[in-house]
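First the structure, in the form of structure tokens, and then the observations on it.
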Amino acid sequence: MGEPPWWQSAVVYQIYPRSFCDANGDGVGDLEGIRQHLDHLVWLGVDAIWISPFFRSPMKDYGYDVADYCDVDPLFGTLEDFDRLLAEAHASGLRVLVDWVPNHTSDQHPWFQASRRSRQDPKRDWYVWRDGTPERPPNNWTASFTQSPAWTWDDATEQWYLHLFLAEQPDLNWNHPEVVAAMHDTLRFWLDRGVDGFRMDVIQCIGKHPALKDVPEKVQSIPYCALNDDPRTHALLRDIRRLIDSYPGERTSVGEVVLLDTRQVASYYGANDELHLSFNFPPLYAPWDAESWQKQIARVEAAFAPRDAWPTWVLSNHDNPRHRTRYGSEARARAAAVLLLTLRGTPFLYAGEELGLEDAVVAPDERLDPGGRDGCRAPIPWRAAPPHGWAGERPWLPWSPHAETRNAETARADPDSILHLYRRLLAVRRQSAALRWGAWEALPTCAGVLAGLRTHGEDRRAILVNFTDEPRELALAGSWTVEVASHGAAGERYEGALLPDQALVLR
Ligand code: GLC
């Protein structure tokens, strides 16, 4: 038995390229900006980066509307810039995942332009077209963001086309073998270039029943993308998995499965022959309290363990308010970092959470995103003095609060900063087999405190998280030393007491 694959013990760091760092002064982050900050990631101690889409795109959904899967949008640089970034990341020991958006393309993609041209076009059936009258869409599905029908009427060819997101993001028809082949080619393009894997956008939506039946009225207002759960996707994923696994070097995939039942999420690992990893969002939506987290963890263990599926954990990303903002204080964000980095599974960090960034306050007339997600996409402040290490004067979105004190430069100079806490946690994780691979066992606890034990062979760690803003007492059997404290002293014997909002790793 060798070691488990790298992606089970890795910590993955998500980069939203528009917001990471602007090297050319146009106000939008770029690939060169990422390259210039690889040293931050190496110093921090993450293992891999996932870069949100940087492909050619009209940017109606800021890159999740792809017009060419095999080229870099000029806003972000060139393919040569990507190759250089990849080579330097690899040389510094970082793996690189790119974002694959298979459910839909941009309406500006040449495939859709052809499909739209006429009903007879050979690419007509690459997308989902249906007859009807302009008054009545073919079914009752709701699109994300707009809360309106997931269909747009095309006057020229007098049919409707399906889009689970914006009208500028038509859904591909994965029931068509040519679509499957063309999309496999896009995976090969990046695998051949040397990427270590993919984050797969709304992956559970690709397989659809061709009947496209109405959903029950009581769920009609839920965007259809959060409802689609069809056996066809599993078959498609088995082919995708075979393709990825045929490459040397443990390439991987992490699917965005937008379903709110953790058992359904787990089913997308198949029998270890579908996704390598999948996001599981219910914990991201859970409130900051011990009882809901105990439930979330138990649910993951119950759904994942029987399939031998490896969980993931994520608290923030480019689609949701940051957890620092949701939980309401830095003390909680620090405790959450301890939790995120010690649960059983692969943690995903969202750039800026290691700086304790809050969402930016975006005035109504500065809002850009059709889904209202601008706040969590604020630019990353690298330096204390404005423009905070960005090349231009004004980035595409406002800064998050307190950028003059909450930035990478200031945080790095302060050994007590949240940045140093993340770095300590990552270092401790790296050295502990229990934290990387160990089982999770819930420990008896008191109200408001989550307690768990990670064990792998002889190696053990106890994790305690006080979700309340009051001191708590919790005795543990045996003798334990505080290895990492979210705040307060480390290196001392654990005496059975937790400070308000405090989380501890004990060994
Ligand atoms: C995913 C992405 C989100 C995007 C949507 C449509 O949920 O994370 O940013 O808008 O898919 O591609």
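Coordinate-derived values only; no laboratory data. This structure is a prediction, so every number in the text was calculated from the model and none was measured. Neighbour counts are summed over all protein chains in view; Cβ atoms, including those assigned to glycine, are modelled from backbone coordinates with ideal geometry.
Across segment 165-202, the qualifying residues are those that are assigned to a loop (DSSP other than H, G, I, E, B) and among the small types (Gly, Ala, Ser), and the one among them that is nearest to the ligand (Cβ to nearest atom) is Ala167.
Would you be able to tell me the number of residues in segment 116-131 that are part of a loop (DSSP other than H, G, I, E, B) and out of contact with any Asp or Glu (no Cβ under 9 Å at 6 or more places or on another chain)? Counting residues in segment 116-131 that are part of a loop (DSSP other than H, G, I, E, B) and out of contact with any Asp or Glu (no Cβ under 9 Å at 6 or more places or on another chain) gives 3. If you go through segment 162-210 and keep only what is buried (at least 24 other Cβ atoms within 10 Å of the Cβ) and closer than 13 Å to Leu236 by Cβ, you end up with Leu172, Met200, Ile203, Gln204, Cys205, Ile206. Take the conditions (1) farther than 30 Å from Ala434 by Cα; (2) within 16 Å of the ligand (Cβ to nearest atom); Val12 misses just one of them, which is (1). Among the numbered conditions (1) crowded, with 18+ Cβ neighbours inside 10 Å; (2) away from the ligand (no atom under 15 Å from the Cβ); (3) touching a residue at least 24 places away in the same chain (Cβ under 8 Å), the only one that Gly93 does not meet is (1). State the number of residues belonging to segment 293-322 that are within 16 Å of the ligand (Cβ to nearest atom) and not charged (D, E, K, R). Qualifying residue count for the region: 8. Among the residues of segment 471-489, write down those that are without any contact (Cβ under 8 Å) to a residue 60 or more places away in the chain and crowded, with 16+ Cβ neighbours inside 10 Å. Listed by number, the residues that qualify are Arg472, Leu474, Leu476, Trp480, Val482, Glu483, Ala485. When the test is whether a residue is in contact (Cβ under 8 Å) with a residue 60 or more places away in the chain and small (Gly, Ala, Ser), Ser221 passes it. Where helices (runs of 4 or more DSSP H) fall entirely within segment 1-115, those with at least 3 residues that are of a type in the set (A, V, I, L, M) are at 38-44, 79-91.
No other residue among Arg406, Arg424, Arg430 is over 22 Å from the mean Cα position of the chain (by Cα) and outside any loop (DSSP other than H, G, I, E, B) apart from Arg424. Criterion first (within 15 Å of the ligand (Cβ to nearest atom), closer than 25 Å to Ser9 by Cβ and in a helix (DSSP H, G or I)) does Val265 satisfy it? Yes: the conditions hold for Val265. Among the residues that make up segment 278-288, is at least one of them at negative phi, surrounded by fewer than 17 Cβ atoms within 10 Å (Cβ to Cβ), hydrophobic (A, V, I, L, M, F, W, C) and out of contact with any Lys or Arg (no Cβ under 9 Å at 6 or more places or on another chain)? Checked segment 278-288: no residue is at negative phi, surrounded by fewer than 17 Cβ atoms within 10 Å (Cβ to Cβ), hydrophobic (A, V, I, L, M, F, W, C) and out of contact with any Lys or Arg (no Cβ under 9 Å at 6 or more places or on another chain). Kindly list the number of the only condition in (1) more than 22 Å from the chain's Cα centre (by Cα); (2) assigned to a helix (DSSP H, G or I) that fails for Asn139. Against the list (1) more than 22 Å from the chain's Cα centre (by Cα); (2) assigned to a helix (DSSP H, G or I), Asn139 comes up short only on (2).
The set of residues from segment 450-470 being over 14 Å from Ala335 (Cα atoms) and surrounded by fewer than 12 Cβ atoms within 10 Å (Cβ to Cβ) comprises Gly457, Glu458. Is it true that some residue in segment 324-331 is surrounded by 22 or more Cβ atoms within 10 Å (Cβ to Cβ) and not in a strand (DSSP E or B)? Yes, because at least one residue in segment 324-331 is surrounded by 22 or more Cβ atoms within 10 Å (Cβ to Cβ) and not in a strand (DSSP E or B). Within the span defined as segment 61-71, one or more residues are under 22 Å from Leu397 (Cβ atoms) and either of a type in the set (D, E, K, R) or more than 16 Å from the ligand (Cβ to nearest atom) (or both).
On the stretch given as segment 100-117, residues that are within 16 Å of the ligand (Cβ to nearest atom) and surrounded by fewer than 22 Cβ atoms within 10 Å (Cβ to Cβ) total 1. Among the residues of segment 361-385, those identified as in contact with a helix residue (DSSP H, G or I) (Cβ under 8 Å, 6 or more places away or on another chain) and either farther than 25 Å from Ser486 by Cβ or hydroxyl-bearing (Ser, Thr, Tyr) (or both) are Val361, Val362, Asp369, Asp374, Arg377, Pro379, Arg383.
When segment 143-161 is filtered for residues that are surrounded by 21 or more Cβ atoms within 10 Å (Cβ to Cβ) and either of a type in the set (S, T, N, Q) or away from the ligand (no atom under 14 Å from the Cβ) (or both), the ones remaining, listed by number, are Ser144, Trp151, Trp160, Tyr161.
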